[in-house]
Amino acid sequence: MQRFAMIAPLALAAAMLTGCGSEKDSVEVRNESPGTVQQKVAQSGLRPQPGRWESRIRIERMEMPGMPAGMAEQMQKSMGAAQAFATCLKPEDVEKPDASFFQKDASGCTYEKFSMADGRIDGRMVCKSDGGSTVMTMAGTYSATGYAIRTTNETSSEGGPPVKMTVAVESRRTGDCNGTES
């Protein structure tokens, strides 16, 4: 179940595969695997511009019933504080994205819906494993030079209370890569 708590980075990867385009440059799917969605995005004309991308990720909400008090206090202090990082998106990454770039461990997951069109992204993915499940929703905007996306994850496990987390990610292209990116 622990891997489900980390599904939020999928939104970042999905947004990094996006870009501006015409109406033919869209992806609309229902009940597909993350790998199939990745292939359809890669086959579309949706592409970001290569270069230095500066991103900010912020946990907006975290609900973990039964969390030890000290851990809960630490989480509350960090909530709302954005973590910044920069990445270098190379031209070859844009032209031939690797499937693992889109979603690393997505076995047992299905997109009930996934839509990227007209600068908007919307999706709902359900992941099931022995003893639990996660539902992730995502919504946001994108262009060839930036995106803003919010994901909400709700993970439930057999015998335990649900864990809920909302994460916001914003990213924009700021120029050419300069070697200081992570």
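Between the amide H of Ser26 and those of Gly45, distances stay under 5 Å, these residues lying 5 or more places away or on another chain, with hydrogens modeled in the peptide plane.
If you count, for each residue, the other Cβ atoms within 10 Å and average over each peptide, how do 133-139, 114-120 line up from highest to lowest? Working shown, then result.
Details: 133-139: 20.4, 114-120: 17.3.
Highest-to-lowest ranking by the protection proxy: 133-139, 114-120.
With the alpha-carbon atoms of the range 26-173 aligned to their principal axes, the span from lowest to highest coordinate is 47, 33, 24 Å, starting with the largest. Sequentially through the range 166-182, phi angles give Karplus couplings (6.51, -1.76, 1.60; θ = phi - 60°) of 10, 10, 10, 10, 10, 8, 8, 6, 10, x, 7, 5, 10, x, 9, 6, 7 Hz, Gly and Pro residues having no value and appearing as x.
All of the numbers you see were taken from the coordinates with simple rules; none came from a lab. Note that the structure is a prediction, hence the values are computed from the model and not measured. Using ideal geometry, Cβ is built from the backbone for each residue, glycine included, and neighbour counts are taken over all protein chains shown.
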